[in-house]
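Undergrad: Provided herewith is a single structure, encoded as structure tokens, for subsequent inquiry.
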Amino acid sequence: MPNIDENSITNQLEIVDKLKVELNTIKDKIKVGGLNNVVFDTLSQDAKRLQDKIDEILSKKGVLTQSDINDAYTTMQSVKRGELEKMSNDSKRNFFIYLGIGALFIYGLYYYNKKK
């Protein structure tokens, strides 16, 4: 059996814990519901990617290279980036909806006052 460094085991446990936190966050969002099909599919794919990465790390049995660690962090960043992009798109859509409603309200007030 190869000599296993305690630091490598600690790194493995930290990475697995971080991946599990991200995975649980996604699972919680799925449980809450109210998601359209696209969001549900995206979250499900992200959950699968995270679970696959956890399984891959655990299969290494404590022997991780720097490349493995970097790949795990890249996977987490990719999932988080996708989530932030979705939130940004939702915020932009909501902004334009409220802007449109505001413009219609102002036009309505103008039209109402003009008819008086």
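Undergrad: Would you be able to say whether some residue in the range 88-96 is part of a helix (DSSP H, G or I), closer than 30 Å to GLU14 by Cβ and at pLDDT 80 or above?
TA: Yes, that holds for at least one residue.
Okay, residues lined up against (1) within 10 Å of the chain's Cα centre (by Cα); (2) surrounded by 14 or more Cβ atoms within 10 Å (Cβ to Cβ):
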site: ASP41; (1), (2): no, no
site: ASP46; (1), (2): yes, yes
site: SER59; (1), (2): no, no
site: ALA72; (1), (2): no, yes
site: GLN77; (1), (2): yes, no
site: ARG81; (1), (2): yes, no
site: LEU84; (1), (2): yes, no
site: MET87; (1), (2): yes, no
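Undergrad: While we're on this one: Is it the case that some residue within the range 7-28 is acidic (Asp, Glu), over 22 Å from GLY82 (Cβ atoms) and at pLDDT 75 or above?
TA: Within the range 7-28 (the criterion being acidic (Asp, Glu), over 22 Å from GLY82 (Cβ atoms) and at pLDDT 75 or above), the answer is yes, since at least one residue qualifies.
Undergrad: Please tell me if GLY100 is surrounded by 10 or more Cβ atoms within 10 Å (Cβ to Cβ) and touching a helix residue (DSSP H, G or I) at 6+ places or on another chain (Cβ under 9 Å).
TA: no
Undergrad: Which numbered condition trips up GLY62, out of (1) part of a loop (DSSP other than H, G, I, E, B); (2) at pLDDT 85 or above?
TA: (2) is the only condition that GLY62 fails.
Undergrad: Determine the pairs where a residue that is without any contact (Cβ under 8 Å) to a residue 24 or more places away in the chain and over 20 Å from ILE30 (Cα atoms), located within the range 45-64, has a partner that is in a helix (DSSP H, G or I) and among the small types (Gly, Ala, Ser) with Cβ atoms under 9 Å apart, the partner being 6 or more residues away or on another chain.
TA: So the pair list comes out as GLU56/ALA72.
The values are calculated or read from the model by the stated rules, or taken from the named source; none is laboratory data. Everything numeric here is computed off the predicted structure, so don't read it as measured data. When we count neighbours, we look across all protein chains shown, and the Cβ atoms used for this are built from the backbone with ideal geometry, even at glycine.
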